[in-house]
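Structure first, then comments.
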Amino acid sequence: MSKWNLIIDIENCTNCNMCVLACQDEHVDNSFPGYAEEMPKHGARWIEIMRKERGQAPMIDVAYMPVMCQHCDDAPCIEAAENSAITKRSDGIVIIDPIKAKGQKQIVESCPYNAIWWNEKLQLPQIWIFDAHLLDDGWKQPRAASVCATEAIVAKKASDAEMKQMIETENLEVLHPEYDTKPRVYYKNLYRYNKCFIGGSVAVEKDSTADCIQGAKVQLSQNSTIIAEDTTDVFGDFKFDKLDEKSGLYTIEVLAEGYAPKSIEVELKESITLEDIYLSLISSTAN
């Protein structure tokens, strides 16, 4: 059977918030019996854009990650709910019954992704319902996807086998796999949010000025093992990405023809932009 999945490409998200606004436009002051009660005008973001800034000037990377109900196959909220207040549809969508779930605040606390919102006025836990009411009415995409100009959000209806192949070919990941909830929201380029980088620039001092060195070979090592290599660009920049936070001590070695090699050690806690690395010219000996 085909089931709904959401694919979010962090590389393409520009923080335009159109998905957030579309959700609010659809649900604020609107009730959809059997799907969801109306969304509060203030204080709830069923789709929330998370922001992550990495590095320091002049090499800074900012990424935006939309987060919503993950529509997990092993959803903790289903287990926490009483009276079968939450159901998992055959198409993969999770629905919180707006009548049965009244007063069940423990449902909010059960979500490890903090994607369930408490409607204080209605005493009701609420989520982004994947616009199930629209899909059931013939829509091909939820509004959050249909309004995304950069196609950072795309809904896919596919079998589990097809989805497994897509995960492998497109390098899709889920948030916090350690939760083991089997979410149906997948992310591309998740490293922009949950990994670190070491970056910097290589230059040479000449007559009280600094010239960038293009084409220098930069090696990243840990425990005497080279784990990555890069070549400086026209601005002398290099960057090693997809490193784990707080992953310890690294050695960076810079090699460039005509210059003395240089090594520095870096203790990586979070993304870091190094101070400029200056190489020394190897002086030639006259005959």
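The values are calculated or read from the model by the stated rules, or taken from the named source; none is laboratory data. As the structure is a computational prediction, the values presented were derived from the model and not from experiment. Here the Cβ is made from the backbone with ideal geometry for all residues, glycine too, and neighbour counts use every protein chain on show. Ligands, DNA and RNA are excluded from the accessible area calculation, which covers all protein heavy atoms including side chains. Shrake-Rupley method; radii C 1.70, N 1.55, O 1.52, S 1.80 Å.
Worth a mention:
- As a summary of the residue check, Arg143 satisfies the conditions (1) free of Cβ contacts under 8 Å to residues at least 24 places away in the same chain; (2) surrounded by 18 or more Cβ atoms within 10 Å (Cβ to Cβ); (3) charged (D, E, K, R) except for the one numbered (1).
- If the condition is being open to solvent by 60 Å² or more (accessible area, probe 1.4 Å) and either over 16 Å from Val67 (Cβ atoms) or not in a loop (DSSP other than H, G, I, E, B) (or both), then segment 107-116 contributes only Glu109.
- Set Glu275, Glu245: member being assigned to a loop (DSSP other than H, G, I, E, B) and either farther than 20 Å from Glu205 by Cβ or under 27 Å from the mean Cα position of the chain (by Cα) (or both): Glu245
- Residues that are open to solvent by 50 Å² or more (accessible area, probe 1.4 Å) and more than 26 Å from Tyr186 (Cα to Cα) within segment 79-102 comprise Glu82, Asn83, Ser84, Ile99, Lys100, Lys102, listed in sequence order.
- For segment 19-54, filtered to residues that are surrounded by fewer than 19 Cβ atoms within 10 Å (Cβ to Cβ) and out of contact with any strand residue (DSSP E or B) (no Cβ under 9 Å at 6 or more places or on another chain), the residue that is nearest to Glu168 (Cα to Cα) is Leu21.
- Search result, residues across segment 191-236 that are at pLDDT 95 or above, open to solvent by 80 Å² or more (accessible area, probe 1.4 Å) and among the acidic types (Asp, Glu): Glu229
- The condition of being without any contact (Cβ under 8 Å) to a residue 24 or more places away in the chain, touching a strand residue (DSSP E or B) at 6+ places or on another chain (Cβ under 7 Å) and of a type in the set (S, T, N, Q) does not hold for Thr225.
- Counted residues, segment 133-175 - those being part of a helix (DSSP H, G or I) and among the small types (Gly, Ala, Ser): 4
- Test for Tyr186: is it among the hydroxyl-bearing types (Ser, Thr, Tyr), modelled with pLDDT of 95 or more and either more than 28 Å from Asp230 (Cα to Cα) or touching a Cys at 6+ places or on another chain (Cβ under 9 Å) (or both): yes
- 3 or more residues closer than 20 Å to Val147 by Cα: qualifying strands (runs of 3 or more DSSP E) within segment 1-90: 3-9, 48-56, 59-67
- Restricted to segment 255-283, and to residues there that are of a type in the set (S, T, N, Q) and more than 17 Å from Thr232 (Cα to Cα), the residue that is surrounded by the fewest Cβ atoms within 10 Å (Cβ to Cβ) is Ser283.
- Asp160 vs. criteria within 24 Å of Thr87 (Cβ to Cβ), open to solvent by 30 Å² or more (accessible area, probe 1.4 Å) and either aromatic (Phe, Trp, Tyr) or free of Cβ contacts under 8 Å to residues at least 40 places away in the same chain (or both): no
- Between Ile129, Ile167, the distinction of being open to solvent by 20 Å² or more (accessible area, probe 1.4 Å) and closer than 20 Å to Trp4 by Cβ belongs to Ile167 only.
- Against the list (1) open to solvent by less than 90 Å² (accessible area, probe 1.4 Å); (2) outside any strand (DSSP E or B), the condition Ile252 fails is (2).
- For segment 176-187, the count of residues that are part of a strand (DSSP E or B), open to solvent by less than 60 Å² (accessible area, probe 1.4 Å) and over 20 Å from Glu79 (Cβ atoms) is nonzero.
- Among (1) over 29 Å from Met1 (Cα atoms); (2) in contact (Cβ under 8 Å) with a residue 60 or more places away in the chain; (3) touching a Leu at 6+ places or on another chain (Cβ under 8 Å) - the single one His71 does not satisfy: (1)
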